[in-house]
Each structure stands twice: as C-alpha cells, then as structure tokens.
Amino acid sequence: MNPSMAFATVFTDELVRCGLREAVLAPGSRSAPLALALHDRAEAGRPRGSAPRGDPGAGPASRGDPGGRPPGPALRLHVRIDERSAAFLALGLAKASRRPVALVCTSGTAAAHFHPAVIEADESGVPLVVLTADRPPELRGTGANQTIDQLKLYGAAVRWFCEAGVPEARPGMAGYWRSLACHAWAMASGEAGGYPGPVHVNVPLRDPLVPDVGGDADGRAGDADAAAWPEPLVGRSDGSPWTSFAPPAAISPAAPPSRRYPAASTEHRCGSSSTDGPLMRWSGLEPARVEWTERGVVVCGDGDYACGPLLELAEAAGWPVLAEPSSNARRGPNALSAYGYLLDAPGFAAEHRPDVIVSAGRPGLSRGQLALLRGTPGPVPARHVVLAQGPGRWSDPARTATCVAADLRLAGPTPGPEIPSAWLASWKQADAAARHAADAVLDSASALSEPRLARDLAAALPDGALLWAASSLPVRDLDLHMAPRAGVRVLASRGASGIDGLVSSAIGAALAHQAAGGGPAVGILGDLAFLHDSPGLLLGPDEPRPDLCLLVVNNDGGGIFSDLEQAAFPGPFERVFGTPHGADISRLAGAARLPYARLERAEDLPQALAGRGLRVVEVRTERAAGAGLRAELRAAAAVAAVAAVAAPSLPARPASDGT
Ligand SMILES: Cc1ncc(C[n+]2csc(CCOP(=O)(O)OP(=O)(O)O)c2C)c(N)n1
Ligand SMILES: [Mg+2]
C-alpha cells in the first residue's frame, strides 16, 4: 500500500470509529485516495446488491481497515458535482443528525466553494470535518497546476485548522493519523469541550494517488499489501477510537430531562448521549437564578437546544413564549403564534414591556422581536438573561444582556400554571385575536398566498415530519402564521441567513432525518433560493435520495424587498432588488429528471404533498400582491390585538424596575 492510500484508509477508519456515518465528496484527482477509501468503506458496509440509500447505521464490517477489525458501523457516501452544493449537503446532514459529516474535495478553487457552508456551519454550530486535498509542499508556489494557498483558507470560521504531514511509509504514522482524526472529530463535535462547528484538515498527498498496480483491481484500498507496511495499521483492537474524550461533568439532579416536552427528534446530540436534558449539557457552571416577577417573557431564537426545561419554566412563571419556528420551541400552552403581529401593533409593545426577558438560541428573525430585546419603546429590560448556545457562544444582538448563563432556575415564590396571571392572559388574548384576524384575511383571499401556504403547510405536516424553511419570506411567513405544535422538526440556515445552498441543505437534512427513522420532509424555498442552488438538484443514479418535496414559492424575484425600505425607490427597484428572472421551474426540474407539479389552490396542498421521493412543487405568486396582503394582515392583526387587550387593564408596572 502506498502512503497516500494508507493515510486515506486509516484516517477514514478512525473517523468511522469516532462516529462518522455520512461523508460527502466532490470529485477530483488529488483527493483520489480519500475518495477511494470512503467508497470502499461505504460499499463494504452495505449488504450486497442493496441500494445506496440505506440507513447508515449498523452494518457489516468494511474490508477497508488495513489488517482487519471487528464489525463496525456503516458509512454512507454522497457524491456531488458542485463543491458548494456538496458542502451544503453536508451541512444539512450534520445539522439534522447532530453528528459531524466529512466533506472532501480536491485542491484548487474546489476548496474555496466550501466556504459559504463552512461559514454557516460556524455561525450555527454545525459540525463538519472538511478535508481538502492539496499538493505536497514542494509543488506549492511553483506554478504547479491546480495549486493555490489552502492554508487557513476558511480563516476564523473553523474551530480548528491543521495541515497534515505528507504521508510517509515509516513507523509512527498510523498512530499519528488516528490521533489526528480523533482530534478533528472532537473539535468538530464539541467532545473536546468546545462549541460544535467546522474543522479543516488540509491534506497534502504525493503521487501515487491510487492503489498500487497489482494491488486491488477494483480500486479498493486492499488489505493484502498492508502487510508490507513498516508497522501494523490497525486501530484499537476493540474497535474504539484511538483517543476518546471524557464526557461533560455530571448533570445536576435539579435539572431533570423534560418529560412533557421531549426533544423534537430522537437523534444523537454532539458530545452527549441524550437530546433531552438541561438546556446546556456542556457546562459545569451553576445555573443562573431568576427571581420570579409577573412581567416576564421567554424569547426562543433559532438553534438546536433542548427547550423543554425552558418551556416548563415559562409555565411555572406564567410567561408567554415567543418562539421562532426553527427554535422548535413553539409548543405548549404558553407559546404564541402571532407574536410578530403583536410586537408590531401600535401601543401593544409599550403596554407590554417586560421586566425580565429570558432568551435562548439565536434570535433576530424580525424587527419587532429585536425591538423587544432592545427595549424600544421604553427603557431597556431591567433583566435580560441570555442562555448561551454553547461554550463561548451566546447571542445578544441588542446588547442588553444583564447575565449570560448555561442554565437557569426560577427562584422565589412562583404562581404556578394553575394561578391565572393577568399578564399572561393579556398576551394570550391578544395573540388569539391577532391570529383570528389574520386567518380571516388569509381565508378570504381567492388566490393562494405565501402566508397562507406557510400556515397551512405547518399545520398539514404529519407528526414525525421535517420542514426546512428557506431564508427570506418563507421562514418569516412561518414565524407569523405557524400555530404552536409539536411533532414537526423545523430547520433553517439562520447562522448567516444566506439564500445559498438551500436545495442541498434541505436534501441533506431530509436524508439524515429519514436515516434516523423520521417521516416525510418538505423544504419551502423562494424562487431565488431555489435557482441559487439549482446544481443541488442534480443527483447521480447511485446517490442516496430523500423523500423530500421542494415547495418553490415563485414570485419571480426577491419578494422580501417589497416589504423593506428599498421599495420606496421604484425607479431602480425592480431591476436591482426585485431581480426578476422568468425562469421556467418545471424545465429546471425536468433537466434534473425530477417529478414536477403546480399547486394552485390552497385546498390541494395535502394532495400536492402526498407524493414520494425527491420532487418539485411550484406555487406561483405575485410580489406586489404579496406586499399588499402583508400590509393588510399587519393592520387587521394589530387592530384586533389592541382591541382584545383594551378592556381588562394589566396590572400596573411597579414603580421600580422590578428586580
Ligand atoms: C447568499 C445570499 N445572497 C443574497 C442575500 C440577500 N437576500 C436576502 S433575501 C433575498 C431574496 C430571496 O428571494 P427568494 O428566495 O425568491 O425569496 P422571497 O424574498 O421571494 O421570499 C436576497 C437576495 C442572502 N441572504 N444570501
Ligand atoms: Mg422570490
């Protein structure tokens, strides 16, 4: 076995021992050893003749481990033409599975195309192990073909960068490679104590880049010539990783897992064995104490956190829960569905200024929500406790945090859910009134509108479904119209809020969701987002395919801009913001050989969702009409909300700041 193949085979084996179940590859020549090793490992773990779309869980042993080893889990390989799509596919897989995914490309500009997904993974704490093949040092800076400076290519967006040594056939290499793989895994997954995210290993590989002639005619790494290596290449004999990391500190019994609000999915969580426990498992810190006061609010931003304890705290305190869809915390009796309308309603926010805000995840989806955090109108909240996203990561976009904590406890006498709170009742009454008014507007319109589609979609999905919501209006329409519910996992790329890579991210999330036994998946995307990642539609015949309906809301451009200040400049608006394209979505789906359908009436939504496999459903809407409808919705909801709380007056705010 030559050194490049030995490295790739051992490194792959070690990553699988760490827990790797999915790998994504965009082909090239310099990365050939990694491509062959991943393919060998994935093929060997699959029962003979089976389709490649199987569950990447347990499977028979691969023959890829030089020197043999006990049966191990299977690895699933995905191949994509476009590195940007490949990287977002990996992001979706890792986000839904909460497990690092390996992402491999060749040298040169290929590696640069990973950058947007690496940034999103950094911002949203999604674990990726990025492996970029490179020329060996002696060929760099010489004008050698397809050679660029790949060192620290992703800057500060990775948790850890490492330039691997050029593989050599000498003693000590196997331990080095296995230790390196474990290091990369731990830094990505958070098992080493950090916040999960992407890591980058630049891998210089010298020729030969394929198995030695006379080795394995199928192009497999081969076991036989492993004997010629100067030392055994095998890993730990019990199949365990070369290096394991001690689990986080024991969890305080004061923070039992929430039974009433189980986590939205049953999958593995990085660095811990359970998804449902205290908000943060990583911390040995004492929970922050929050003294009870009536006027409290819980804000749940985007993110992957066990929100059950927080929802129970909100119930015990009598505080409303203002949860973005991708927080997966919009459930339980205190969750509101139209809070965005309430916060925009004139007078409502001033009348409902909280004395304490507890925020979790990464808020920032709407201006009203940011204004609440900022304390506008009125004084900044006297107390704003931010629950950190992970070690060293917290989100405080309004810079009003008075305390950042890993966990919190409600202290002092609390009313409990059975004692009616005028404060909570007021929020709930206003929410119900706004919801009712908005529903009436939506149901009276003859054309299928974008907000109605979002509302009906969230309600129509069965328990166990996954919903990927694209940036721009789809996720905002859900935020304004999704009724509280459990059973559907909502994911979105809210780290950097790009409209890039969303076809591939949705495909990756659906694949991981279904590999773990999850139900159907739907991605709701604007037309520009869909077009932006149209290469993501192109799946080769051997590629794993999800059961995913891509619902394309085609308003022929960026509808969100019609709701923003830019709309006040009608001259340049259409060309430089609206971005009309006139693209034929059906032909694009046809070019990728995907089933395509048009949805025209709201009543037909269940039927449109009823298919199977990867498919495209287009809904045509109009940007101008959408902007008009949204204005009408805001006005109707505001009038209803304000009227609903006008009669019974709220308890007077205490003269002090309530702390
Ligand atoms: C990669 C990237 N480029 C540009 C933007 C700025 N941007 C935000 S929303 C948007 C328009 C999106 O249009 P579409 O996907 O059709 O959704 P719609 O606004 O119509 O709902 C753009 C260009 C972005 N967020 N990400
Ligand atoms: Mg659009």
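The values are calculated or read from the model by the stated rules, or taken from the named source; none is laboratory data. Predicted, not measured: the structure shown is a model, and the values here were computed from it. Because the Cβ atoms are built from the backbone with ideal geometry, glycine has one as well, and the counts that use them run over all protein chains shown.
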Test for residue 493: is it within 10 Å of ligand 1 (Cβ to nearest atom) and among the hydroxyl-bearing types (Ser, Thr, Tyr): yes
Where a residue in region 523-543 is on the phi > 0 side of the Ramachandran plot and touching a residue at least 60 places away in the same chain (Cβ under 8 Å) and its partner, wherever it lies, is among the hydrophobic types (A, V, I, L, M, F, W, C) and more than 7 Å from ligand 1 (Cβ to nearest atom), with Cβ under 7 Å and at least six apart: none
Residue 84 being within 30 Å of residue 519 (Cβ to Cβ), among the charged types (D, E, K, R) and part of a loop (DSSP other than H, G, I, E, B): no
Residue tally, condition hydrophobic (A, V, I, L, M, F, W, C) and either within 21 Å of residue 506 (Cα to Cα) or crowded, with 17+ Cβ neighbours inside 10 Å (or both), over region 532-576: 11
Condition check for residue 344: surrounded by fewer than 24 Cβ atoms within 10 Å (Cβ to Cβ), in contact with a strand residue (DSSP E or B) (Cβ under 8 Å, 6 or more places away or on another chain) and among the acidic types (Asp, Glu): no
Conditions (1) surrounded by fewer than 23 Cβ atoms within 10 Å (Cβ to Cβ); (2) touching a residue at least 12 places away in the same chain (Cβ under 8 Å); (3) part of a helix (DSSP H, G or I); number of the one not met by residue 147: (3)
Selection within region 521-580 - of a type in the set (Asp, Glu), more than 14 Å from ligand 2 (Cβ to nearest atom) and at pLDDT below 95: 565
Subset of region 121-158 that is polar (S, T, N, Q) and at pLDDT 95 or above - its residue that is nearest to residue 202 (Cα to Cα): 132
Enumeration of residues in region 278-300 that are at pLDDT 65 or above and more than 30 Å from residue 342 (Cβ to Cβ): 285, 286
Residues that are surrounded by fewer than 21 Cβ atoms within 10 Å (Cβ to Cβ) and among the hydrophobic types (A, V, I, L, M, F, W, C), drawn from region 367-384: 370, 371, 380, 382
Qualifying positions in region 618-647 - within 16 Å of ligand 1 (Cβ to nearest atom), in contact with a Pro (Cβ under 9 Å, 6 or more places away or on another chain) and more than 13 Å from residue 451 (Cα to Cα): none
Top-ranked residue in region 613-626 [being away from ligand 2 (no atom under 12 Å from the Cβ) and not in a strand (DSSP E or B); ranked as farthest from residue 602 (Cα to Cα)]: 613
Residue check, residue 503 under 19 Å from residue 618 (Cβ atoms) and more than 12 Å from ligand 2 (Cβ to nearest atom): yes
Members of region 312-322 that are without any contact (Cβ under 8 Å) to a residue 60 or more places away in the chain, surrounded by 24 or more Cβ atoms within 10 Å (Cβ to Cβ) and touching a Lys or Arg at 6+ places or on another chain (Cβ under 8 Å): 321
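To keep it simple, each residue is scored yes or no on (1) farther than 19 Å from residue 507 by Cα; (2) within 14 Å of ligand 1 (Cβ to nearest atom); (3) crowded, with 23+ Cβ neighbours inside 10 Å.
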{"position": "448", "(1), (2), (3)": "yes, no, no"}
{"position": "455", "(1), (2), (3)": "yes, no, yes"}
{"position": "458", "(1), (2), (3)": "no, no, yes"}
{"position": "470", "(1), (2), (3)": "no, yes, yes"}
{"position": "475", "(1), (2), (3)": "no, yes, yes"}
{"position": "482", "(1), (2), (3)": "yes, no, yes"}
{"position": "487", "(1), (2), (3)": "yes, no, no"}
Selection within region 87-124 - surrounded by fewer than 22 Cβ atoms within 10 Å (Cβ to Cβ) and assigned to a loop (DSSP other than H, G, I, E, B): 108, 113
